[in-house]
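Comments concern the structure below.
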Amino acid sequence: MSILRVEDLTRTYSSGGRDLTVLHGVSFAIEPGDTFSIVGPSGSGKTTLLGLCAGLDRATSGSVYLNDIRLDTLNEDQRAAIRNQYVGFIFQNFQLLPTLTALENVMVPLELRGEKGAKQTAQSLLERVGLGQRGHHYPTQLSGGEQQRVSLARAFANRPKILFADEPTGNLDTDTSATVIDLLFELNREAGTTLVLVTHDLDLAAKTNRIIRIKGGTMANG
Ligand SMILES: Nc1ncnc2c1ncn2[C@@H]1O[C@H](COP(=O)(O)OP(=O)(O)O)[C@@H](O)[C@H]1O
Ligand SMILES: [Mg+2]
């Protein structure tokens, strides 16, 4: 069984009375434990595709099966529940909640699941990413690299089956990027998580088992 299966996915945005189709019939499947990159130029539809795969957005046509559950038949609450159960997400701009401390940010997915010992689990995850002493700091008190390490801790908190990372080093300098990427791949290996990575960095993409190229909303090869 594939952990993620995408069939003939299209996405059309409507704005100002005009339709813009940004994905044209994309299909692929990912097996559990696989590591997978999606590469392509800016504007080619990578973020749109990832949002559909993670159940953050709905396709115009086609279907997405996550862990064999068909996402497009679910309503927003049902998709949120599936995300919390199966999915971790890392964004280019970190997307930590600004009013919560680092520790509280990592606790959010655990508390949503009603897990006992959320604080201790979050603390040990922060230690794992080298930020055990920074739990009481707010996102604005952390550097970009530190914020991304907090979001790594948050993404792994609910032991996701699949992790989506959208240009996770896009806002970081070269040295900081290398640290974040090493940590991402280490945590991923330890947890045996399936990884779907969007990047335009071909060296980074080469670290994954498979690469698909997307251009103008169409897959170039699989
Ligand atoms: N909400 C939206 N409404 C209208 N157009 C959008 C929206 N989101 C993205 N687009 C357009 O869809 C295309 C693909 O965007 P995106 O998926 O973000 O590409 P990438 O991540 O590869 O840079 C772009 O032309 C972008 O302007
Ligand atoms: Mg993008």
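For this structure, a couple of remarks:
- Kirkwood Rh and Cα Rg combined as Rg/Rh, region 1-119: 1.00
- Normalising the average separation of contacting C-alpha pairs (under 8 angstrom, six or more residues apart) by the number of residues puts the relative contact order of region 31-163 at 27 percent.
- For the pair Ala178 and Lys215, label points projected 7 Å from Cα toward Cβ lie 3.1 nm apart.
- Square roots of 5 times each gyration tensor eigenvalue, C-alpha, region 1-65, largest first, Å: 23, 13, 9
- Here the peptides 23-30, 206-213 are ranked by packing, the mean other Cβ count within 10 Å, and the order with the highest first is 23-30, 206-213.
- The residues Val180, Val106, when put in order of fewest to most other Cβ atoms within 10 Å, stand as Val180, Val106.
- Folded to 0 to 90 degrees: helix 118-128 orientation relative to the chain principal axis, Cα: 90 degrees
- Sorting Phe185, Phe156, Phe164, Phe89 from the fewest to the most surrounding beta carbons within 10 angstrom yields Phe185, Phe89, Phe156, Phe164.
- Between Leu100 and His200, the distance separating the two model label sites (each 7 Å from Cα on the Cα→Cβ line) works out to 3.1 nm.
- Only the Cβ atoms of Lys and Arg (+1) and of Asp and Glu (-1) were treated as charged; on that basis the dipole of the chain about its Cα centre amounts to roughly 260 debye.
- Amide hydrogen neighbours beyond the local backbone of Gln92, cut-off 5 Å, H modeled: Asp166
- Calculated from the alpha-carbon coordinates, region 137-214 shows an Rg and a Dmax of 12.6, 39 Å respectively.
- Ranking of Val129, Val39, Val22 by count of other Cβ atoms within 10 Å, fewest first: Val22, Val39, Val129
- Calculated mean residue ellipticity at 222 nm for the chain: -10500 deg cm²/dmol, from DSSP H runs with n ≥ 4 weighted as -39500 (n - 2.57), summed, divided by the residue count and rounded to 500.
- Each of Tyr138 and Ser42 was given a label point 7 Å from its Cα along the Cα-to-Cβ line. The distance between the two points is 3.1 nm.
- Dipole orientation for the chain: of the candidates Val150, Leu52, Gly170, Leu52 has the Cα lying most toward the positive pole (charges on Cβ; Lys, Arg +1; Asp, Glu -1).
- Under the Debye formula (equal points on every Cα, no solvent term), log10 I(q)/I(0) of region 52-134 at q = 0.12, 0.24 Å⁻¹: -0.45, -1.16
- Under the Debye formula (equal points on every Cα, no solvent term), log10 I(q)/I(0) of the chain at q = 0.08, 0.10 Å⁻¹: -0.28, -0.44
- FRET efficiency for Arg113 and Arg58, using Cβ-Cβ distance with R0 set to 25 Å, rounded to 0.05: 0.55
- Helix 102-112 axis, angle to the chain major axis (alpha carbon atoms, nearest 10°): 60 degrees
- Total formal charge among the other residues, if their Cβ is under 13 angstrom from that of Ile212, Lys/Arg +1 and Asp/Glu -1: +3
- Of all lysines in the structure, those lying under 27 Å Cα to Cα from Lys161, and not within fewer than 8 positions of it along the same chain, are Lys46, Lys116, Lys119, Lys207.
- For the chain, the antiparallel share of DSSP beta bridges with both residues in that region comes to about 55%.
- Degrees, to the nearest 10: 76-86 long Cα axis against longest axis of the chain: 60 degrees
- Along region 166-178 the Karplus relation, 6.51 cos²θ - 1.76 cosθ + 1.60 evaluated at θ = phi - 60°, assigns HN-Hα couplings of 9, 6, x, 10, x, 10, 10, 6, 4, 5, 5, 4, 4 Hz to successive residues, with x for each Gly and Pro.
A short reminder: the numbers here are calculations on the coordinates, not readings from a lab. Small disclaimer: the values here were computed from a predicted structure and weren't measured. Heads up, the Cβs are rebuilt from the backbone with ideal geometry, glycines too, and the neighbour counts pull from every protein chain shown.
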